[in-house]
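First comes the structure, then the notes that go with it.
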2 protein chains.
Amino acid sequence: MFNERSLTISQECEECPIRHRAVCARCETDELERLEQIKYYRKFEAGQMVIWSGDKMDFVGSVVSGIASLTQTMEDGRTQMVGLLLPSDFVGRPGRATAAYDVVATTDLVMCCFRKTPFEEMMANTPHIAQRLLEMTLDELDAAREWMLVLGRKTAREKIASLLTIIARRDATLHLKAGSGIEGPIVFDLPLTREAMADYLGLTLETVSRQITALRKDGVISLEGKRHVTVPDMERLMEEAGDDSDGGLLV
Amino acid sequence: MFNERSLTISQECEECPIRHRAVCARCETDELERLEQIKYYRKFEAGQMVIWSGDKMDFVGSVVSGIASLTQTMEDGRTQMVGLLLPSDFVGRPGRATAAYDVVATTDLVMCCFRKTPFEEMMANTPHIAQRLLEMTLDELDAAREWMLVLGRKTAREKIASLLTIIARRDATLHLKAGSGIEGPIVFDLPLTREAMADYLGLTLETVSRQITALRKDGVISLEGKRHVTVPDMERLMEEAGDDSDGGLLV
DNA sequence: CTGGCGTTTTGATCTGGGTCAAAGCCCCGG
DNA sequence: CCGGGGCTTTGACCCAGATCAAAACGCCAG
């Protein structure tokens, strides 16, 4: 799910937000200009709603910086996160009028948006945009299926280890310019509260807290403050996650 | 996830299997002819493997009749179903060389396949195929996210009711030609063993059995034999599923 | 009709993670 | 420096669903 493609493209996309994975990896300059004309930015503070499930959604876009999450909520308040949107991820569905999920800014967030109608028109005329979007959606589908295994069959400890692994990988993919390898300790900041982690993993926040403590006591990770994580041995963490070996950075 | 689109298209696709949702909803006749040239059929018996995770996968295709399932298995044998492929559903991923999941024929199964390379070439030249595939993939992604809520937050009873609801809906969508409505009792056959249901829902087969018994005792469903299900009141079943009201047949 | 095998049900018991409750920690504003 | 509110941790207890075990139900082959 984090394959060489995302790496390549994030490298192509340093400057212009509309070159983010979403649409532009193969755009010609005239297409880029057309996109420039219909794009605009939106900023959100941590905790703000980007859109409510069921609301009219007249834009699509991609995350420029920060983190957003997609969540579903049942009438009695049980909530499940169903997507974690990191920089370069795409939001919104061409061809659908209303939002299917709540979208929340988990941290301060900047999005690059396109009004839906012009974007759809452009998509109709520019075949590779649909192709690119298809690739991205297939990646997301794979990620979702990976999560179904986590949610359905893993223990609390494995769930936490899985989440840490994913965040570490995404973080690595964003930060490493060249192939700085998987060796040595890995360090990153948790962008999620315990509650958000619980919502992602189908656990309670108490269980999340207990399992993080347990992983710390067992030396799998160490913490500075509540959020700053060091993973001395990534292999070990991935074993704890029950992950199908293979490492997977750039598979 | 079961919207008017799938209904419309299944209506367009009565005769030719390659017109199944996958690729042909908007094909011109010359495109259909080209597709005819590269398609072939494969048949499987119930229980047979279609492909193993990690194997080279040189085709894509769609289910013509029967049911296939996508599953993931951990080293210690825990397995999670991550996709249930009913007639008209698409299998395989353009642009990927190896299968990411085990694909198993859950019942006797007929698939209509295309060798991957010619199909990809055709996709490159025929923009609406990518667009169509994008729509389908987005539908699947929505279904996957719905399942994440089921797996992460629902009780065993709600899980069973959710699965029954989905099967009933899909079955209705396949069978009803016109809008035969949601009124009256709904009858269908369970295409899955208790074990397969358990794998779908992240439960054990014993729990599945117990919960089905409980739903029967409470009059939510009734059974003839082990597999033939009657739902006297669909509304009631959906309440049990904890579903966000709205009915959803044709939403 | 009988035996055997795969599926399903039912029972008894155990336990991982949920629930409820109470501190502890940390940062920010006054 | 103090107080308050949002996170986070920790503890005590409980229960939904897992696990282990055995019986019942088809159903087909002989």
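The values are calculated or read from the model by the stated rules, or taken from the named source; none is laboratory data. Please read all numbers here as calculations on a predicted model, not as lab measurements. Note that each Cβ is placed from the backbone with ideal geometry, even for glycine, and that neighbours are counted across all protein chains shown. These accessible areas exclude ligands, DNA and RNA; they are computed on the full protein's heavy atoms, side chains included. Shrake-Rupley method; radii C 1.70, N 1.55, O 1.52, S 1.80 Å.
Just a few scattered comments:
- The share of C-alpha pairs in segment B:84-224 whose separation exceeds 28 Å stands at 31 percent.
- Rounded to whole Hz, the Karplus (6.51, -1.76, 1.60) HN-Hα couplings of segment B:47-57, x for glycine and proline: x, 5, 7, 7, 6, 8, 3, x, 5, 5, 10
- Sorted shortest first, the distances from the B:Glu239 label point to those of the same residue in the other copies are 5.2 nm; each point sits 7 Å from Cα along Cα-to-Cβ.
- Compactness relative to 2.2 N^0.38 Å, alpha carbon Rg of segment A:29-92: 1.34
- B:Glu36 contributes an accessible area of around 90 Å² to the protein surface, as traced by a 1.4 Å probe with all chains present.
- Legend: residues in segment B:95-144 shielded by at least 30 square angstrom of accessible surface upon adding the remaining protein chains to the isolated chain (1.4 Å probe, heavy atoms) are B:Tyr101, B:Pro127, B:Ala130, B:Gln131, B:Leu134, B:Thr137, B:Leu138, B:Glu140, B:Leu141, B:Asp142, B:Ala144.
- Note on segment A:56-155: along the principal axes its Cα atoms extend 47, 26, 24 Å, ordered by decreasing extent.
- Backbone HN-Hα couplings from phi across segment A:199-213 [Karplus 6.51/-1.76/1.60, Hz, Gly and Pro as x]: 5, 5, 9, x, 10, 9, 5, 4, 5, 4, 4, 4, 6, 5, 4
- Each other copy places its own label point for A:Glu36 at 4.9 nm from this one, sorted shortest first, where the point lies 7 Å along the Cα-to-beta carbon line.
- Look at where the Cα atoms of segment B:92-164 and of segment B:27-86 average out, and the two centres are 9 Å apart.
- Note on surface exposure: B:Tyr101, B:Tyr41 rank B:Tyr41, B:Tyr101 by accessible area, highest first, 1.4 Å probe.
- Copy-to-copy label separations for B:Glu224, where each label sits 7 Å from Cα toward Cβ, in nm and ascending: 7.0
- Highest mean first, the peptides A:200-209, A:113-122 sorted by other C-beta atoms within 10 Å per residue fall in the order A:200-209, A:113-122.
- In terms of accessible area, using a 1.4 Å probe and ignoring ligands and nucleic acids, A:Trp147, A:Trp52 rank largest first as A:Trp52, A:Trp147.
- Estimated Rh, segment A:155-240: Kirkwood, alpha-carbon pairs, angstrom: 13.1
- Buried accessible surface for the B/A chain pair comes to about 4300 Å², total over both chains, computed with a 1.4 Å probe.
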